[in-house]
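The values are calculated or read from the model by the stated rules, or taken from the named source; none is laboratory data. Remember, predicted model here, so these are calculated numbers, not experimental data. Neighbour counts are summed over all protein chains in view; Cβ atoms, including those assigned to glycine, are modelled from backbone coordinates with ideal geometry.
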Amino acid sequence: MLLTGDELSLTDLAERAGLAYSTAHREVARLIDAGILSERHVGRTRLIRANAESPLVEPLREILTVVTGPVVILAEELARIDGIVAAFLYGSFAARLLGDAGPAPHDIDLMVLGEPDVDAVYEACTRVEAAVHRPVTPTILTPEEFAASSGFLDTVRSGPAVAVIGGLPRH
């Protein structure tokens with residue numbers, strides 16, 4: 001919501017966050033009290049969004065962009081490129097997103113499967129780098145190349161991964 005500017009019902013927000021409705025209700029109330037979120041009612045539906053007038057929203061948005069935003073921003077950027085079958089993060093950044101302990105990653109490893117315009121993928125990664133202040137390192141392979149056996153690909157396939165576009169291909 002802070003990254004995308006979406007306005008969501010409390011029910012939708014709870015579902016997206018994987019929280020019980022009562023937990024979402026309590027936390028949203030706290031964030032409204034802090035001025036970070038705002039609400040409006042449409043009939044019986046309570047719609048929640050980031051409070052654009054709060055001085056806290058932009059710094060929080062910047063933090064979220066660096067920490068979790070790469071998935072959202074990469075999905076938006078890569079969705080504009082034809083020929084991508086799937087894309088996912090792997091390596092230390094994916095591990096941290098999945099809750100593995102460790103130092104902050106220095107870069108973001110991105111696997112792109114398909115036959116996209118390579119320059120378009122690199123240009124998209126450059127735009128994401130500017131937003132998240134970390135290098136994005138794409139590896140572009142066809143699905144057939146990804147299915148091949150190699151030490152690198154075996155490590156990628158057996159390690160942590162976070163889907164960006166499509167599912168997570170495992171062989």
Qualifying residue in the range 110-129 (condition: modelled with pLDDT under 95 and part of a loop (DSSP other than H, G, I, E, B)): no
Options Arg26, Arg46, Arg61, Arg40: the member that is in contact with a helix residue (DSSP H, G or I) (Cβ under 8 Å, 6 or more places away or on another chain) and of a type in the set (Lys, Arg): Arg46
Every pair of residues 6+ apart whose Cβ atoms lie under 6 Å, when the first sits in the range 122-142 and is within 15 Å of His106 (Cβ to Cβ) while the second is modelled with pLDDT under 95 and small (Gly, Ala, Ser): Val132/Gly69
Unmet criterion (only one of (1) at pLDDT 85 or above; (2) closer than 30 Å to His106 by Cα; (3) not polar (S, T, N, Q)) for Ala17: (1)
Helices (runs of 4 or more DSSP H) within the range 11-91 that include 2 or more residues within 16 Å of Cys125 (Cβ to Cβ) and touching a residue at least 40 places away in the same chain (Cβ under 8 Å): 57-67, 69-79
Members of the range 103-122 found to be closer than 23 Å to Arg61 by Cα and either out of contact with any Gly (no Cβ under 9 Å at 6 or more places or on another chain) or surrounded by 14 or more Cβ atoms within 10 Å (Cβ to Cβ) (or both), listed by number: Pro103, Ala104, Pro105, His106, Ile108, Asp109, Leu110
